[in-house]
Amino acid sequence: QTAACLITKTDTNPFFVKMKEGATAAAEEAGIELSAFAGKYDGDVETQVAAVESCIAAGAKGILITPTDSRALVPVITQAREAGALVIALDTQFEPADAADATFATDNFKAGELIGQWAAATLGDEAANAKIALLDLNASEVSVDYQRDQGFLTGFGIDVKDPKDIGDEDDPRIVGNDVTDGSPDGGRTAMENLLQIDPEINVVYTINEPAAAGAYEALKAAGKDEGVLIVSVDGGCPGVKDVEAGIIGATSMQFPLLMASKGIEAIKTFAETGEKPQNSEGLDFFNTGVELITDQPVEGLPSLSSAEGLEKCWG
Amino acid sequence: MSDTSEPARKGQDFEQTLDRSDSRVAEFDARRHSPIERVQHVLHDNPTLVPVIVLIISLIAFGLIAGGKFFSAFNLSLILQQVSIIGMLAAAQSLIIITAGIDLSVAAIMVLMSVIMGNLAVYMGVPSGIAILVGFAGGAAAGLFNGLLITKIKLPPFITTLGTWSIFYSLLLWLSGAQSIRGTDIDANAPFLKFFGSTIELGGARITLGSLLMVLIFVALWYMLNKTPWGRHVYAIGDDKEAAELSGIRTDRVLVSVYMLAGFVCAVAGWASIGRVGSISPQSFYEGNLQSITAVVIGGISLFGGRGSIMGALFGALIVGVFQSGLRMAGVDVLWQVFAIGWLIIIAVAIDQWIRRVSA
Amino acid sequence: MSDTSEPARKGQDFEQTLDRSDSRVAEFDARRHSPIERVQHVLHDNPTLVPVIVLIISLIAFGLIAGGKFFSAFNLSLILQQVSIIGMLAAAQSLIIITAGIDLSVAAIMVLMSVIMGNLAVYMGVPSGIAILVGFAGGAAAGLFNGLLITKIKLPPFITTLGTWSIFYSLLLWLSGAQSIRGTDIDANAPFLKFFGSTIELGGARITLGSLLMVLIFVALWYMLNKTPWGRHVYAIGDDKEAAELSGIRTDRVLVSVYMLAGFVCAVAGWASIGRVGSISPQSFYEGNLQSITAVVIGGISLFGGRGSIMGALFGALIVGVFQSGLRMAGVDVLWQVFAIGWLIIIAVAIDQWIRRVSA
Amino acid sequence: MSDQTPIVQGRNIVKRYGHVTAIDHSDFELRQGEILAVIGDNGAGKSSIVKAICGAVTPDEGEILIEGKPVHFTSPIEAREMGIEIVYQTLALSPALSIADNMFMGREIRKEGWMGKWFHMLDKKKMEDFARDKLTELGLMTVQSISQPVETLSGGQRQGVAVARAAAFATKFIIMDEPTAALGVKESRRVLELIQDVKARGIPIILISHNMPHVFEVADRIHIHRLGKRLCTIDPKDYTMSDAVAFMTGAKEPPEQQAM
Amino acid sequence: MSDQTPIVQGRNIVKRYGHVTAIDHSDFELRQGEILAVIGDNGAGKSSIVKAICGAVTPDEGEILIEGKPVHFTSPIEAREMGIEIVYQTLALSPALSIADNMFMGREIRKEGWMGKWFHMLDKKKMEDFARDKLTELGLMTVQSISQPVETLSGGQRQGVAVARAAAFATKFIIMDEPTAALGVKESRRVLELIQDVKARGIPIILISHNMPHVFEVADRIHIHRLGKRLCTIDPKDYTMSDAVAFMTGAKEPPEQQAM
Ligand SMILES: Nc1ncnc2c1ncn2[C@@H]1O[C@H](COP(=O)(O)OP(=O)(O)OP(=O)(O)O)[C@@H](O)[C@H]1O
Ligand SMILES: Nc1ncnc2c1ncn2[C@@H]1O[C@H](COP(=O)(O)OP(=O)(O)OP(=O)(O)O)[C@@H](O)[C@H]1O
Ligand SMILES: OC[C@H]1O[C@](O)(CO)[C@@H](O)[C@@H]1O
Ligand SMILES: [Mg+2]
Ligand SMILES: [Mg+2]
């Protein structure tokens, strides 16, 4: 039987929990023996390194990994490849991307860009006077964090300066950045803090949907639950329901189950034929796609309604 | 003193002069003290003044740096709101630190209990009131578990709660499936869980019931610690456990009650956190343990036990809140906020040491 | 004893019989001990045996559960590799815990120094050797900072290092710009930074120089603690600082040396971590502090100071490594791994307590 | 219960600490209304045997009877609840708490009325008044304030607090483990007077002491402990201090033990 | 330096603890080759003044001269380096370490040869032999093994270890703060003999004690401390114990102080 591994960033994020469920189901079907690993926190390089090593020791044919640090894990997966394993990055790319045999991921910059474009289009002329709050992940600025943040700003039409640095922008429309740890309590506090700086905030970017939920609570408590656009990324079912309820204006849906099933499929093919998967055309990764979910579609920006979203959502 | 009427001719010869001995108590000339010494003395006699003063100074400092907005009733009430959950954890933590213990599991107990309340009330249709009571019982049970390990198996509190933190944390991930319970689902099925999120408007200030609850918890615990026999016993245990045992305190029983009460307070904080956060997320308050300890030490409660007032922890939590809010309003990067909190801890405790030195 | 030749007619009357007094020392009949008591006694006299036995039992248990692969030379050497960095941190932590302190900043010092070494050698063209020496000096300086706060300002170690952890952590995020330094850049510009990643193949086993370094550090520190005057002083301070001071130890100086040495060991671990991870990641080892403490307590070193052998921490780290590897190979969910480590901590220390009870 | 029944009787008590046997099949007896002195070399096991009697350590073997009834104390609290008070060699005071708090530790007085009943509120004033009275009675009021933390007292002053506490609350008997060791001449005398006073109230006392003049002054009987067991008990009227010292140090054979 | 220069001279020493003044402008003097006893009520400030002399506490005011030269000890280590040894009331032993380790604390013997020189290796055997010799000399070898942790000793045995340590290493003078307080009759006697023995070696001793017979037996002069200051010094040959007690307790006016 073919052995394979799935290594996710954490076990506390529903996104990865779903990904694991999807991969486990797909592996069972494909007759692959899958072991799952996860870091203890976002950025836990050490645990992921140990996990890759254990996979090598166990003679895994393929490794699916969501690298918690896109640079730091390159050396160890290079070892894994030398040991004959197929390494596929899920969700987050390595730097350089070709450090892995393939990547099945959301284009995180694109995910940010879509909600940025949506927000700008929704505001129309008012976009020039927008007051934007940016609710990011944490002080360590991991790749998904800056990609989404900078993608959003780009989509909104703001000069991001260094595209790998959060917060170096000087556009007056930005009220400020704060961190949320991707959790509702962090989202709420961060939103309150930024409202303190400027109560007129009318656009809120959030790193993910749990943070968006917290931000909404803060707005509601401040009596500003109407008239503020909250945008987010993820497409988890709770988030899509929040779109339906009008809490989140628009969200970029990712497809963790697709990443997982594609990954398992690729390992199966590799084990049988030695063939490696191909990237999407013109990209250095296989794009598992991103869908904009909103109940207020805007011109020129394809999107799905929350009802359609609920059929595709995960978790 | 003895009621015999025979002449006091007892003991060895040289002791015979004793009845004539002087019974004066040493009285020394009151010398003049330098102003700084006098300050030191006043603070030494009222140790909780220190965090109060630090709090006032930081309020003023940030008022100057961050501008008038900082001083608005709204902002001040917001800070109170923001510290309410960590403040409650700090209250629980203080109880334990006064016994010379430490509890690394407070935040895990709190989140675990909020998940249990949510699962029961939102998904399983249990009436909210009962779900909350189950959560309270769970908090006390978690505290009991800690307390029994510490008293019966005699494990050090640090190690015990390092271990139970892992256990409670994995349980909460398991129970929640790592998923948050959405605010709208709570609103629809069990709005009472959000009770402590309700606000009272009071001229610009928006005070949540959660903030009031925090203050109430502190006052109640302060009363228990300072005005009841139980409180004396808690302090005595923290001061010198063996001496307390020998002088007739059932130290194990008191310690277990302290851990249970702390667990219960954590569960109450868990309920309040639902109102504060608006949803129930297994990922929240991951750093709540260290944050609660930070508040306690900034509040001047000794980690060695037996010394310090629980009110200090309230001020400690507020100081941290003021710093975070102030730095944010002054536009300081998160990075440097972490840096500033580090120095805050060191400086606050250094001042405390300076005051205590007066008696050394 | 006195050299006067006059008859020993001194003191009060009743003392005159003393020269005839018996000089026998109490000798009590050796009674038979139950087997379990005998085990307890043997373990009590050799406390480091406990973690060794736990280690052997867990090796056997996981060999049975996880199958033969677990026992391969390859896997065993891998475990050694995987614990090497936390092991070094645990060595530094043990030093401090033996003085009755605790260091919450070890992991931050380590990562900060690896970032400094990397920035200098990879980005600024400083020769690797010098960059590494700068890192070592930095580690010692960070330890000095902790040590001075603890001895001069008399802050409790827990609070000091809670504060300096924040400070070091924010500095490392700042210096690194929160970006990792890539392995390929290190290979191109400063391969020597990866020195400790080199492996020696030894029939299936792949032993890295980093693993050997860890063992070496433990042996060296063990020697220092047990065979030199300095080591006696470190233990005496942990046992009773005031008594040590009064009996002539310059306790502050020794404490500062301990913190500096610990900081230095952390910096060495920082260098080794570059070889281990293959790159320099500012976010790694965020939980290294608690992990190092876990290894130390599982290794039977008392958090109250003065008791336990540093070798225990090595075994403690290995036990955790064996557990994690074994559970991983047995396909246990991370969630339940966390759960198991929680119980491991509690049970290991409970056994330790049971043995110590023999003397209570 | 006849007047002959001893207050405390210990039979064949054994206590081991790891490899050390501190009490080696020793007997013990305290009679009604008497002051029993326990003397012996350092390390003879005097503290250990009285700790065994009051439950501060649990004996490994042997039997303890209080007023003829077997007891199995697992903690000194149980002994205390029977009216047995102990002044430990280590004093057992909480340094950071006040003198009054320490005196009432574990038996605090609550306010009268509903605040005391329902909210367990302490009656600080009553406790402080009582503590001040007791210390004054003992002539130990050389302290500056009753609400002063015990850690600010000298060794001798602390001893005074511990003795006063025991004297104030005992109803069955008091054990004093070297109560005057740290005390000055004047203070020692006060404690000796106090001991006799307590005896006059009908409460028997076990006094461990190395001070022979003190022992011979106050004791009704002297229990001589040697190498972990009771060597003999003597009447101080029948023997001299020299004899006692000679017995306890092994310089002289003890008398044949009659049923005294 | 003439033979008349006192070994230690303290002038106008003041030490305050918060609100309490423990030493109140007190003088102090220890002469060559003598045994100076310090007596006084509990809390009179005896421990405080000797601590001030040896650097264990830093006086707030006043001057201390050792052999005529002003010193400003900031820690007892500096005093120790001059050959001054102290037996503290609290003993200052490390419970978990062995008797031998404790005796050599801070002045361990290293192995001869390169292991000692370069790697600071301890010579355990030599230290244990020396410790055993010293304890045997003092007749304090009632312990089971020299490598036994101090925490397994009785109070009296511990005191013996502390006294033996001071006697073994002092070259200038020794301060003993109630060294026999916890000791049995036999052990006290040994310590008194030891004190005289040390004196015979030419090393002066400061002895704080509440035991009048002991004081009058060994002291050359008696310093009487009362209410934080030196009341007077007397020659035990000129006064009785009753006089001394009367002075120290305030029952009698002290003699006009001549330059004795
Ligand atoms: N906690 C303990 N652990 C190990 N040994 C102990 C312990 N307590 C006492 N011992 C040993 O038991 C023996 C008797 O001690 P104990 O304290 O009862 O003597 P004692 O007669 O009270 O002496 P002293 O007059 O010095 O107080 C001693 O040898 C002592 O070393
Ligand atoms: N660390 C301290 N903090 C506060 N007060 C202290 C401290 N040490 C001593 N004192 C006070 O100083 C005074 C003198 O104490 P000291 O210990 O010198 O007395 P002493 O003469 O040695 O008494 P004893 O015979 O009881 O040992 C006492 O009133 C005591 O309460
Ligand atoms: O924490 C960052 C991670 O969180 C997610 O957005 C899921 O919620 C992932 O796509 C990303 O890798
Ligand atoms: Mg005793
Ligand atoms: Mg004294």
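Could you check the simple spin-label distance between C:ARG38 and E:GLU253, using points 7 Å along Cα→Cβ, in nm with one decimal?
Between C:ARG38 and E:GLU253, the label points sit 7.8 nm apart.
Quick check for me: using +1 on Lys/Arg Cβ and -1 on Asp/Glu Cβ, what's the dipole size of chain C about its Cα centre, in debye to the nearest 20?
That gives chain C a dipole magnitude of about 620 debye.
For region D:86-169, give the magnitude of the charge dipole about the Cα centre (Cβ charges: +1 Lys/Arg, -1 Asp/Glu; no others), in debye to the nearest 20.
Once rounded to the nearest 20, the dipole reads 180 debye.
What is the average number of partner chain Cβ atoms found within 10 Å of a Cβ in E:107-120?
2
To the nearest µm²/s, what D does Stokes-Einstein give for region D:177-260 at 25 °C and 0.890 mPa s, using the Kirkwood radius over alpha carbon pairs as Rh?
It comes out at roughly 178 µm²/s.
With θ taken as phi - 60° and the coefficients 6.51, -1.76 and 1.60, list the Karplus ³J(HN,Hα) couplings across region D:243-253 in order, rounded to whole Hz; mark glycine and proline as x.
For region D:243-253, the Karplus-derived couplings read 4, 4, 4, 5, 4, 6, 9, x, 7, 9, 5 Hz, x marking Gly and Pro.
Starting from the 7 Å offset along Cα-to-Cβ, what nm value, one decimal, do you get for the label separation of E:LYS126 and D:ALA200?
Taking the two extended label points, one gets 6.4 nm.
List the Cys residues of the protein assembly as shown that have no partner Cys with a C-beta closer than 4.7 Å.
B:CYS266, C:CYS266, D:CYS54, D:CYS232, E:CYS54, E:CYS232
Which of C:ALA73, C:ALA108, C:ALA313 ends up with the largest GNM mean-square fluctuation for chain C, with Cα atoms connected below 10 Å?
C:ALA73
In terms of modelled amide H atoms, which long-range or inter-chain residues lie less than 5 Å from the amide H of D:GLN89?
Here the answer is D:ASP177, since their amide H atoms fall under 5 Å of that of D:GLN89.
Per 5 Å bin, what is the whole-percent P(r) computed from every C-alpha pair distance within region A:185-315?
Reading upward from the zero bin: 2, 11, 17, 17, 14, 13, 9, 7, 5, 3, 1, 1, 0.
For the E and C pair, go ahead and give the buried accessible area with a 1.4 Å probe, both sides summed, in Å² to 100.
3200 Å²
I'd like to know which of D:GLY113, D:MET127, D:THR171 lies farthest towards the positive end of the charge dipole of the protein assembly as shown, counting +1 on Cβ of Lys and Arg and -1 on Cβ of Asp and Glu.
Value computed over the given set: D:THR171.
Within region E:90-189, which GluC sites (Glu not before Pro) sit in a loop by DSSP and count at most 15 neighbouring Cβ atoms inside 10 Å?
The qualifying sites are E:GLU112.
Starting at the first residue of region B:322-327, write each ³J(HN,Hα) from the Karplus equation 6.51 cos²θ - 1.76 cosθ + 1.60 with θ = phi - 60°, in whole Hz, x for Gly and Pro.
These are the phi-based 3J(HN,Hα) values: 5, 4, 5, 5, x, 5 Hz.
Which of the pairs D:LYS46/D:LYS252; D:LYS125/D:LYS186; A:LYS110/A:LYS164; D:LYS172/D:LYS237 have their Cα atoms more than 18 Å apart in this structure?
D:LYS46/D:LYS252; D:LYS125/D:LYS186; D:LYS172/D:LYS237
What 222 nm value per residue comes from the helices of chain B, counting each DSSP H run with n ≥ 4 as -39,500 (n - 2.57) and dividing by all residues, nearest 500 deg cm²/dmol?
-22000 deg cm²/dmol
Could you give the angle, 0 to 90 degrees to the nearest 10, between helix C:229-239's Cα long axis and the longest principal axis of the Cα atoms of chain C?
In chain C, helix C:229-239 runs at an angle near 80 degrees to the longest axis.
In the protein assembly as shown, if the dipole is taken from +1 on Lys/Arg beta carbons and -1 on Asp/Glu beta carbons about the Cα centre, which of C:LEU212, A:PRO256, D:LEU192 is farthest to the positive end?
Projecting each Cα onto the dipole axis, the largest value belongs to D:LEU192.
Okay, helix-only estimate at 222 nm for chain A: each DSSP H run of n ≥ 4 adds -39500 (n - 2.57), divide by all residues, round to 500 deg cm²/dmol; what do you get?
Only helices count here, giving -13000 deg cm²/dmol.
Any idea what log10 I(q)/I(0) is at q = 0.09, 0.10 Å⁻¹ for chain C, Debye with uniform C-alpha scatterers and no solvent?
The Debye formula, applied to the Cα set alone, gives -0.57, -0.67.
Would you pull out the residues with amide H under 5 Å of A:ILE174's amide H, same chain only if 5 or more places away, H placed 1.01 Å from N?
A:ILE132
On the protein heavy atoms, probe 1.4 angstrom, tell me the percent of accessible surface of chain D carried by carbon and sulfur.
Answer for chain D is 50 percent, counting heavy atoms of protein chains only.
With +1 on each Lys and Arg Cβ and -1 on each Asp and Glu Cβ, how big is the dipole of chain E about its Cα centre, in debye rounded to the nearest 20?
Here the size comes out at about 620 debye.
Among B:SER114, B:VAL349, B:PRO156, pick out the residue whose Cα is farthest towards the positive end of the charge dipole of chain B, where Lys and Arg carry +1 and Asp and Glu carry -1 on C-beta, about the Cα centre.
Working it through, the farthest residue towards the positive pole turns out to be B:SER114.
Just counting partner chain Cβ atoms within 10 Å, what average do the residues of peptide A:90-101 show around their Cβ?
That average works out to 1.
Using only Cα atoms, locate the centre of region D:115-129 and the centre of region B:228-278, then give the distance between them in Å, rounded to an integer.
20 Å
Averaged across B:344-354, how many Cβ atoms of other chains sit within 10 Å of each residue's Cβ atom?
Average neighbour count from other chains, rounded to a whole number: 5.
What do the square roots of 5 times the Cα gyration tensor eigenvalues come to for region D:86-169, in whole Å, largest first, as semi-axes of the equivalent ellipsoid?
The equivalent ellipsoid of region D:86-169 has semi-axes of 23, 13, 12 Å.
Could you let me know the centre-to-centre spacing of region B:29-94 and region D:28-100, using Cα atoms, in angstrom?
48 Å
Grab the DSSP H runs of chain D that are 4 residues or longer, score each as -39,500 (n - 2.57), total them, divide by all residues and round the 222 nm result to the nearest 500 deg cm²/dmol.
-9500 deg cm²/dmol
Based on the alpha-carbon gyration tensor of chain D and its eigenvalue square roots a ≥ b ≥ c, which shape applies: rounded if a/c is under 1.5, prolate if not and a/b is larger than b/c, or oblate?
prolate
Using the alpha-carbon centroid of each, what span in Å lies between region A:139-218 and region C:128-145?
Taking the Cα centre of each part, region A:139-218 and region C:128-145 sit 37 Å apart.
For region B:61-151, what does the relative contact order come out to in percent, with C-alpha contacts under 8 Å and a separation of six or more?
Relative contact order here is 15 percent.
Would you jot down the residues in region A:117-158 that end up with at least 50 Å² less accessible area in the complete protein assembly than in the chain alone, with a 1.4 Å probe?
Those are A:ALA139, A:SER140, which lose 50 Å² or more relative to the chain on its own.
Provide the FRET efficiency to the nearest 0.05 for the E:GLN148-C:LYS152 pair, computing r from the beta carbons and using R0 = 41 Å.
It comes to 0.70.
In percent, what relative contact order does chain E have, based on Cα pairs under 8 Å that are 6 or more apart in sequence?
Relative CO of chain E lands at 25 percent.
Once amide H atoms are built 1.01 Å from N in the peptide plane, which residues 5 or more positions from A:ILE7, or in another chain, come under 5 Å H to H?
A:PHE37, A:LEU64, A:ILE65, A:THR66
With a cap of 15 neighbouring Cβ atoms within 10 Å, and only residues DSSP puts in a loop, list the trypsin sites (Lys or Arg not before Pro) found in region B:130-212.
Hits after loop and neighbour filter: B:LYS152.
Among the chymotrypsin sites (Phe, Trp or Tyr not before Pro) in region D:72-145, which ones are in a DSSP loop with at most 10 other Cβ atoms within 10 Å of the Cβ? Mind listing them?
none
Go ahead and run the numbers for FRET between D:ASP60 and D:THR171, Cβ-Cβ distance against an R0 of 30 Å, rounding to 0.05.
0.55
Past 28 Å, Cα to Cα, is the threshold; run D:LYS69/D:LYS124; B:LYS241/D:LYS126; A:LYS9/A:LYS312; A:LYS268/A:LYS312; D:LYS51/E:LYS124 against it and keep the listed order.
Where the Cα-Cα span goes over 28 Å, the pairs concerned are D:LYS69/D:LYS124; D:LYS51/E:LYS124.
With N set to the residue count of the protein assembly as shown, report its C-alpha Rg divided by 2.2 N^0.38 Å to two decimal places.
Cα Rg divided by the expected 2.2 N^0.38 Å: 1.01.
So what is the relative contact order for chain C, in percent, with contacts set as C-alpha pairs under 8 Å and at least six apart?
31 percent
Through the Karplus equation 6.51 cos²θ - 1.76 cosθ + 1.60, θ set to phi - 60°, convert the phi angles of region B:194-199 into ³J(HN,Hα) values in whole Hz; use x for Gly and Pro.
With the stated coefficients, region B:194-199 comes to 8, 2, 6, x, 4, 10 Hz.
How many times 2.2 N^0.38 Å is the alpha carbon radius of gyration of region E:1-42?
Region E:1-42 yields a ratio of 1.46.
If you line up the long axis of helix B:288-298 against the longest principal axis of chain B, both from Cα atoms, how many degrees apart are they, to the nearest 10?
For B:288-298 against chain B, the angle is about 40 degrees.
What FRET efficiency do you get for A:ALA83 and B:LEU175 if R0 is 35 Å and r is their Cβ-Cβ distance, rounded to the nearest 0.05?
That pair, A:ALA83 with B:LEU175, gives E of 0.40.
The values are calculated or read from the model by the stated rules, or taken from the named source; none is laboratory data. Keep in mind the model is a prediction, meaning the values are calculated, not measured. Backbone-built Cβ (ideal geometry, glycine too); neighbour counts: all protein chains shown. Note: areas computed on protein heavy atoms with side chains; ligands, DNA, RNA excluded. Shrake-Rupley method; radii C 1.70, N 1.55, O 1.52, S 1.80 Å.
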